[in-house]
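These notes concern the structure reproduced below.
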Amino acid sequence: MSASLLASFKLAHLPPEAEKFRAEVKAFLQAEQPDEPADIRARSWMGHDAAFSRKLAARGWVGVTLPREYGGAQMDAFQRFVLVEELLASGAPVAAHWIADRQSGPLIHKFGTDAQRAFYLPKICAAEAFFCIGMSEPNAGSDLASVGTRAVRLPCGGWRLNGRKVWTTHAQRCQYMIALVRSSGEPQDRQKGLSQFIVDLHLPGVTVRPIEDLTGDAHFTEVFFDDVLLADDALVGNEGDGWAQVNAELAFERSGPERIYSSIVLLERWVTCLRAAAGDGSSDAHAATVGRLAVHLATLRNMSIAVTARLAAGESPLVESALLKDLGTEFEQSIASLIEAAISADPAAPVDAELYRAAAYVNQVAPSYSLRGGTREILRGMIARGLGLR
Ligand SMILES: Cc1cc2nc3c(=O)[nH]c(=O)nc-3n(C[C@H](O)[C@H](O)[C@H](O)COP(=O)(O)OP(=O)(O)OC[C@H]3O[C@@H](n4cnc5c(N)ncnc54)[C@H](O)[C@@H]3O)c2cc1C
């Protein structure tokens, strides 16, 4: 790794106030978290439970970095890190408010008008408005600059939206999508002429069709826009600035603890099984596997805190976020395969039905970790560019 890229991962520590906050979150989770088995908790940030999100909101823990005047907790990025880390570690069902808390709320706060802030942010903080991400399309996934969904400005004011998004997580359960669309120019203009719009998913002309994945969950969707009429104030930021805005969002999307913790409930269940059997001759090999995973986790966590520090300083560390997501998802994927290999190699391995169900679920979804939020090849291309190799 080049010295400059290495240097940008400066060792950063969670401030003592953030660590103090951890105890509060743990106590809340002990009291309020639904008592679910590991295979349900393993859904982690894909688990949608609006009632649970509202309980968090009642504590002020949704839209946490937003200012108090909008109902936010005005927390710093490190407190948010602790909150997110604890929610994920316990497998809390946080999908309902996840996108709005992580990126849509901060995006509207940064680029929106006063009226947009006043309308959307209090709803986000109350967990009354859930958002989804409308970037990918059938012919524009990795190549996001070639989006074909188009908003045409109408002479009488407002916009007419036509096109189709795909793989939109939880659109069927959200009120709003922030969609990246072409608002001027032609597809060959690439990044130029793209804008972001807040689309009310209940408007006439919007059709949301759930897509079932390998596990039988229908968490993502296809969304069709047929002559959807948008008001002028659906545009977020300036017309034509969509590409820059999306890139700012992606640094937040790729660098958080969720890119490390997606399989953590499975690991925790494995450790629980090993602990229960401790003294029964459980092999050193299992302890070594867990130790290796723990060390790996600790390193990635430090890198995530380092990127959080850069984001908190107002920077947009896109290459570092890409590196972290690539390494983080590789780690998350390795948890399922290492545990499976450990169990297969040891007929006396201490297992229970809950562990098997969690392992089956994680094994099925793990391949998606390195697709969602940008594929491995695309991230490695960005890293190569960051290293000056392309
Ligand atoms: C669980 C899940 C949830 C998702 N949620 C959302 C969501 O909420 N909102 C949203 O907008 N999208 C979402 N996505 C979509 C995701 O962002 C895309 O799947 C991803 O960006 C890849 O795009 P694609 O599927 O069109 O694949 P493609 O771009 O067609 O890529 C196919 C393969 O080709 C490789 N490839 C493509 N271009 C290159 C290149 N230039 N160099 C080398 N290799 C290349 C890719 O790495 C990949 O392996 C989700 C995806 C998943 C799996």
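Quick notes on this structure:
- Residue list for the stretch 352-385, restricted to those being without any contact (Cβ under 8 Å) to a residue 40 or more places away in the chain, near the ligand (Cβ under 7 Å from one of its atoms) and of a type in the set (Ser, Thr, Tyr): none
- Test: residue in the stretch 85-94 that is under 15 Å from Phe130 (Cα atoms) and aliphatic (A, V, I, L, M): yes
Residues are listed down the side, and each one gets a yes or a no for (1) open to solvent by less than 10 Å² (accessible area, probe 1.4 Å); (2) under 17 Å from Gly237 (Cα atoms); (3) touching a Cys at 6+ places or on another chain (Cβ under 9 Å); (4) modelled with pLDDT of 95 or more:
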{"site": "Ala115", "(1), (2), (3), (4)": "no, yes, no, yes"}
{"site": "Glu128", "(1), (2), (3), (4)": "no, no, no, yes"}
{"site": "Cys132", "(1), (2), (3), (4)": "yes, no, yes, yes"}
{"site": "Ser136", "(1), (2), (3), (4)": "no, no, no, yes"}
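- Residue satisfying all of: in the stretch 225-241; open to solvent by 10 Å² or more (accessible area, probe 1.4 Å) and either among the small types (Gly, Ala, Ser) or under 30 Å from Phe78 (Cβ atoms) (or both); farthest from the chain's Cα centre (by Cα) among these: Ala231
- Some residue of the stretch 310-326 being in contact (Cβ under 8 Å) with a residue 60 or more places away in the chain and farther than 21 Å from Lys10 by Cβ: no
- Condition met for Ala244 (more than 13 Å from the ligand (Cβ to nearest atom), open to solvent by less than 50 Å² (accessible area, probe 1.4 Å) and part of a helix (DSSP H, G or I)): no
- When Gly185, Gly141 are checked against the criterion of being at pLDDT below 95, of a type outside the set (Phe, Trp, Tyr), out of contact with any helix residue (DSSP H, G or I) (no Cβ under 8 Å at 6 or more places or on another chain) and closer than 23 Å to Phe252 by Cα, a single residue qualifies: Gly141.
Residues checked against (1) open to solvent by 10 Å² or more (accessible area, probe 1.4 Å); (2) touching a helix residue (DSSP H, G or I) at 6+ places or on another chain (Cβ under 8 Å); (3) of a type in the set (D, E, K, R):
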| residue | (1), (2), (3) |
| --- | --- |
| Phe9 | yes, yes, no |
| Gln30 | yes, no, no |
| Glu36 | yes, no, yes |
| Asp39 | yes, yes, yes |
| Asp49 | yes, yes, yes |
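- All told, Ala50 meets the bar of being more than 22 Å from Leu266 (Cα to Cα) and either touching a Pro at 6+ places or on another chain (Cβ under 6 Å) or at pLDDT 95 or above (or both).
- Index of the failed condition, Asp76 passing every other in (1) surrounded by 24 or more Cβ atoms within 10 Å (Cβ to Cβ); (2) modelled with pLDDT under 95: (1)
- Residue tally, condition buried (at least 20 other Cβ atoms within 10 Å of the Cβ) and under 15 Å from Ser263 (Cβ atoms), over the stretch 301-330: 3
- All strands (runs of 3 or more DSSP E) inside the stretch 173-224 with 1 or more residues being free of Cβ contacts under 8 Å to residues at least 24 places away in the same chain and either within 19 Å of His97 (Cα to Cα) or open to solvent by less than 40 Å² (accessible area, probe 1.4 Å) (or both): 206-211
- Boolean, Ile343 is modelled with pLDDT under 95, more than 16 Å from the ligand (Cβ to nearest atom) and either of a type outside the set (A, V, I, L, M) or buried (at least 18 other Cβ atoms within 10 Å of the Cβ) (or both): yes
- Subset of the stretch 149-172 (residues that are open to solvent by 50 Å² or more (accessible area, probe 1.4 Å) and in contact with an Asp or Glu (Cβ under 7 Å, 6 or more places away or on another chain)): Arg160, Asn162, Arg164
The values are calculated or read from the model by the stated rules, or taken from the named source; none is laboratory data. The structure presented is a predicted model; accordingly, all values stated were derived computationally and were not measured. Methodologically, a virtual Cβ is constructed for each residue, glycine included, from the backbone with ideal geometry; neighbour enumeration extends over all protein chains shown. Side chains are part of the model used for accessible areas, which takes the heavy atoms of the whole protein and leaves out ligands, DNA and RNA. Shrake-Rupley method; radii C 1.70, N 1.55, O 1.52, S 1.80 Å.
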